[in-house]
1. Being at pLDDT 95 or above, of a type in the set (Asp, Glu) and either surrounded by 19 or more Cβ atoms within 10 Å (Cβ to Cβ) or not in a helix (DSSP H, G or I) (or both) is the filter here; which residues of region A:388-422 pass it?
2. Of these, B:557, B:537, B:499, which one is away from every other protein chain (no Cβ under 14 Å), at pLDDT below 90 and in contact with a Phe, Trp or Tyr (Cβ under 7 Å, 6 or more places away or on another chain)?
3. On the given criteria, is residue A:144 part of a helix (DSSP H, G or I), more than 15 Å from the chain's Cα centre (by Cα), buried (at least 21 other Cβ atoms within 10 Å of the Cβ) and among the aliphatic types (A, V, I, L, M)?
4. When both residues are 6+ apart or on different chains and their Cβ atoms are under 7 Å apart, which pairs have a first residue that lies in region A:147-161 and is over 13 Å from residue A:116 (Cα atoms), and a second that is of a type outside the set (S, T, N, Q) and not in a helix (DSSP H, G or I)?
5. For residue B:69, all conditions in the list (1) in a strand (DSSP E or B); (2) more than 23 Å from residue B:932 (Cα to Cα) hold save one; what is the number of the exception?
6. Consider residue B:36 carefully, then state whether it is surrounded by fewer than 17 Cβ atoms within 10 Å (Cβ to Cβ) and at pLDDT 80 or above.
7. Out of B:716, B:780, B:775, B:755, report the one residue that is among the aliphatic types (A, V, I, L, M), assigned to a strand (DSSP E or B), on the phi < 0 side of the Ramachandran plot and surrounded by fewer than 18 Cβ atoms within 10 Å (Cβ to Cβ).
Amino acid sequence: MKLQYISSVKFKLMLPLMVLLWMASCKVEPILDPNNPSAGGITQNASLGEIQNLVDGTESGMRDNLGNYFDGVCVIGREYYRYSTSDPRFTSDLLGKGTAVLDNNTFYTTNPFAARYRVIKNTNILIEALQNTKAAITDAQRKASIAYAKTIQAYQLLLVFNQQYNNGIRVDVKDPDNLGPFLNKDQSVDAILALLNEANTDLKGSAAAFPFKSTLFGNDANTFSKFNRALAARVAVYKKDWTTAATALNESFLDLNGDLNAGSYHLFSITGGDQLNPMFFPLNASGETRVVQPSFITNAEAGDNRLSKVSLRTSAAFQDGLTSNYDFYLYKTNVDRIPIIRNEELILIYAETKIQQNQLTDARTAINRIRNAAGLGNYGGVLTQAALIDEMLKQRRYSLFGEGHRWIDMRRYDRLAQLPIDRAGDDVWAEFPRPANE
Amino acid sequence: MRNSIIRFLLLMQGLVLSPLLFAQTTVSGKVTDANSNPISGASVVVTSTATGTVTDAEGKFSIQVPANRKQLTISFAGFQTQTITIGNQTDLQIKMQEDVGKLDEVVVTGWASSVKRTNLANAVASVSARDLTGTVVQPTIDAALYGKFTGANISANSGAPGGGISVKLRGITSLVANSQPLFIVDGVFYDNSAIPAGLNSVSKAAGQGSNSNQDNPSNRIADIDPEDIDRIEILKGASAAAIYGSRAAAGVVIITTKRGKSGKTKVELSHTIGLQMQLRKLGQRSWDATKVQAAYGATGVSIYNANGGREFNYEDELYGNKGLMNTTRVAISGGNDKTSYYAGITRKDDEGIVKGTGYQKTSVRMNLDQKVSRFLDIGLNSNYVESQADRGFFNNDNTSTTLGISFVSTPSWVNLYPDANGNFPNNPLAPSNFIQTRDLITNREKINRFLLGASGTLKIFSNDMHDVKVVLRGGLDYYTLNTIAIFPRELQFQKDGNGTNGASIYGTTIARNSNYNAFLLYNLNLTDKMSFRTQAGFTGENVELDNVLNTATQLIGTQTNLSQAGSIQVDEARTKQKDRGFFVQEEFNFNDIIIATAGLRGDKSSRNGDADKMYYYPKASAAFNIHQLGSWSLAQISQLKLRVAYGQSGNFAPFGAIYSPLVRAGFNGSTGSLIGTTRGNEFLGPERQKELEAGFDLGILRNKLTLEFTYYNKQVEDILLNVVVPTSSGFSTAWKNVGTIENKGIEIGLNAIPVNSASWKWTTRTNFWKNNAKVTKLLVPAFNTGAFGATLGTYRIEEGKSPTQLVGIGSPDQKPDPATGLVVFGNAEPDFQMSFTNTVNWKKLELSVLMHWKQGGENINLSTLLSDIFGTSPDFDKKSLDPTGQKGNGDFRLAALGTTAKPWIEDASYFRVREIGLNYTLPKSLFKNIATVKLGFSGRNLINVFDYFSYDPEVSNFGANAISSNVEVTPFPSSKSVHFNISVTF
């Protein structure tokens, strides 16, 4: 028998060598996303820079799909018409033309809904990042920052609720695999208020400065608390809890004699990668445009300088059986800021609270403050709750024109039937359908 | 102690020297084919030893045979292996029999394994160098594979120079993940990415109706030089490819390049000159004032009259270039008993059928084999490729700027030619002047690619019974791809506010793929009849790809430098992947009667949600050679083999599917991070394919006629999709494993040598294959995908239906589904395909023909739609479609728009003569017996038969996507070509 050996020693050496190689190669470490920061990574140990990125991303995301949101609520609230050559559904579905109804899988329903929950997701990531960060921040700062995030969550939920109303909303969305239930209407609004209150406990009276810069309303806990309370006042009014509303107003940035435009805003710019104000269209545009529902002009009192929010067109705009001579002109440029909440609304909430608490003179003072600012004389009507409610709603219509309040105001006072019908067979919807994918 | 060392040394010496102690005899001989032509390069080995040699140019050999050995084994590719008993002869005359069914060829089936075809339990397809490049010069390797084996659906994405092809093996293996096979060249994983050049920023093809990129880049497999290839093995499904684990679901293509052989140095020089031209011309609509008025109104008429009613032949202008093709090649190979080498250099310069387009490539390869010592062999491969493809500007857009769209939207009576000073007029009826665009733009891919591979075989131990080897292998595939797209600002669609005042788009991709593996191979010949082969090894692969795309707009003057621009945007996409795996395989062979194999592959990858989780892919197969049984008595049936194989393999999700990224959100002069809308799945696993394959091989009349029959059933489970989720989660979509696709099919191959006489020989091969795919499970509601929506025809993924069904809206008489309003108008999958290869030799003259017939399979042809809309369809006025004979074809089709998608879903069957070649080998005596000179005429796609109403039914606007190929939007037309070749070997 012929045998060929290299050497048994070599043979024996080979085996452990191979095992060694095998062991070395065996473990595969996960590779982090080479293209983007990952949610998983940033929640583990975020730097202050990364927290700032999340804050900026959140405040940027809050603007996403605002155009569709406002078009939804303002068109149904008969504040303006949204004309579009590429999409007839703004004038058919939203106005309930003929047999058209709101669809549960169309952009006007699904996109604003998804955009708000996306911001909520981002703030949940921010909260987790804040909880786990090893950056040098004080406990008070950590708490205040989490409260900042929760305030934004509450505001985003409120916008979803405004459209979903009787359908209720999902509040617990932390775990995407295990989403909480849809709460009913009352539970929903309670949950939003509770979230604001919870946040406020870490904001109110706290001297802590945020470890980041926010554009919403100040950069320290106590200042931001005033924004939180302003939102709380709005929510309390929605749930007709006048006492809570009054308390919240007191702690908010309400200033009866102050600048009506003081408040919190979404910012826009022409910088690359930034967004433009989606509510701006050039005057006298055709095709894509927003034109004012005519009763806004015809119902206005003579001399109301709030008509500067509309602009007479060079020629009337027609589409789908609708006509208007006025462009929606709330924003004069494509980088104008869009209010989240401002002093003018707070004064009107103050008036409303006073009316409901039957302190009618205080209410009249507030209403006169608004009327005078609009270039109108003092309120001359009777001093009854009913008359003042009418007046308050009218002032809200003109003061908060195009800011997404009219439909909600008429709905909470059961007056949707009073909104003008432009074409026979048009409907006024009470809420948007729950998105199909939910 | 000392004693034992001495004893050991003595023993070692005895063992090492022992062969010398036996007497040896020298045996010489000559190896020829059946017609007594010498076979050079045949392997002659003393049976059951490693001692061997190869025959020289005259077929002669001489070998030292130990006295105790009595047999020689002679083998050569394409011939049946023979074992002959030497007896007392010292001058042997060995006639080799043609191996028609390639039964004796050794087939590469895995990392370190090869199996004789007779013992193979899978239908592994092999393509030899002769099949590949023997008939006609091949522009790129992908184009060389058509019709050459069963079970593949190969389709060119367009006719643009530089390749771009989709290869789908055995049906649909994925919906959104990779659907292209894994390419391995000499053990090195070969990147086959298709990287877009960023044309989309000009064409805006993605975004309206379809988000898919339609830049139509070439796949990088095009870089390999087909002339360097010795053979290709195609593992079509999991039953054969399981050993390649998670990257093998779409099949594996194993490419082996040529290597040197010991013996005389062989030098091969060849030059091919060719001409390519448009494969099919459609003609143009002829016009008169009435037609112009109807299509373009008064504006049209005034233009028509201004040009005096002259019609220009724009089809010829745009597609009529006769492209000159030159391929020069030098190959040198040779070696001695220790070293062998192969060097191949190819220079190719092809002009396209559209002026300004073309493909140039230089490839240099050096393969080296060295026996370092008696126990160590090493092999080195190196390849450098430099290529440049100018691909024109075609396919879909939303800006009417591509040459194709501009061509169909311009009637022939508009004058687009420049004036005497070279100033182009604006196209008065469309946003771009395609002659101007053609002459001024650049769309170029430039590549520099290195491929390095090394292998070492360490023979640890060997005797009659045991043979232990370790094989180590490593490889690196590294390339830089530059994509250069330049749209000067004087273009009609760039100037005067129509565009961005010019665009210079410069992309750089650096790809680095490395892999290494180590195996232990152990052969155990337990008895003469029973043997075991054990393999165990591990593998590692790393992938890195970095793509940076700079889009500069608002160009200054004629500058294309990126810094000479008013605005620049940079996008970067990086891919990183690390895979580690192992495999074990045991093969049992009983006297070549029963060959059974079982194996297991384990794989980890950073592409999976859990990077360190091992996924296992088992395989098992058995082949039963009934004719080897002692009791076999049917003399006419020389081979009957039954075989069955089962295996599993995987497929990764698209890169990034495991991540939930935070995306960039600009805000207030700063940049923020906002959660993306797609939720990554951190538990995501690969798609898994389970394939069962069974078949038989039959050989009749000493294997002069062979038949292979294979049936397979392939289940692809855990199909990945990006599905919609409740948006209250913060996400709109999420990656999930949601379905199962089944592919069933048959493959038949029939080989024969009907004639084989002294001067005449005819060999023929007929292939038949068909596949049926079906979605058997779908956890999400049925949905439309691919193409441009139901109005124009789209794919629809629906449980119980084919994943390649084409549906569209239908008129009431077409009985649309009441729930969806959709009608099934076709299926992209062919009914069946056949190919016929015939070679006829008469003395030194050889004629080869490859024919390919694809029956059935529909395309969505939107070139027709666009040319109808602009009134330019060649058959616009013909009245062959309207059953009432009222409307011309153009008006008839347009009337259906919005009512039914039927007119645009067309049968894409074809029959074509893919390759035809006539070769003549000049008598050697003419060259003093020094050189062999061969002359050849050949042609590609010279005969084409199809009803499909466009340039070529083989087309894909969306490249090699798993779903959504077979869509046509004004592609770069296909070409046909003729070539003259001269080659000299000495």
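The values are calculated or read from the model by the stated rules, or taken from the named source; none is laboratory data. Source: prediction; values computed, not measured. Here the Cβ positions follow ideal geometry from the backbone for every residue, glycine too, while neighbour counts run over all protein chains shown.
1. Of everything in region A:388-422, those that are at pLDDT 95 or above, of a type in the set (Asp, Glu) and either surrounded by 19 or more Cβ atoms within 10 Å (Cβ to Cβ) or not in a helix (DSSP H, G or I) (or both) turn out to be A:391, A:403, A:409, A:414.
2. B:499
3. So residue A:144 passes the test.
4. A:148/A:210
5. Only one criterion is unmet by residue B:69, namely (1).
6. The answer is no for residue B:36.
7. Numbers: B:716 fails: surrounded by fewer than 18 Cβ atoms within 10 Å (Cβ to Cβ); B:780 fails: assigned to a strand (DSSP E or B); B:775 fails: surrounded by fewer than 18 Cβ atoms within 10 Å (Cβ to Cβ).
Of the residues listed, the single one that is among the aliphatic types (A, V, I, L, M), assigned to a strand (DSSP E or B), on the phi < 0 side of the Ramachandran plot and surrounded by fewer than 18 Cβ atoms within 10 Å (Cβ to Cβ) is B:755.
For (1) β-branched (Val, Ile, Thr); (2) surrounded by 19 or more Cβ atoms within 10 Å (Cβ to Cβ); (3) within 18 Å of residue B:482 (Cα to Cα); (4) at pLDDT 90 or above, each residue gets a yes or a no:
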{"site": "B:512", "(1), (2), (3), (4)": "no, no, yes, yes"}
{"site": "B:528", "(1), (2), (3), (4)": "no, no, no, no"}
{"site": "B:532", "(1), (2), (3), (4)": "no, no, no, yes"}
{"site": "B:566", "(1), (2), (3), (4)": "no, no, no, no"}
{"site": "B:572", "(1), (2), (3), (4)": "no, no, yes, yes"}
{"site": "B:588", "(1), (2), (3), (4)": "no, no, no, yes"}
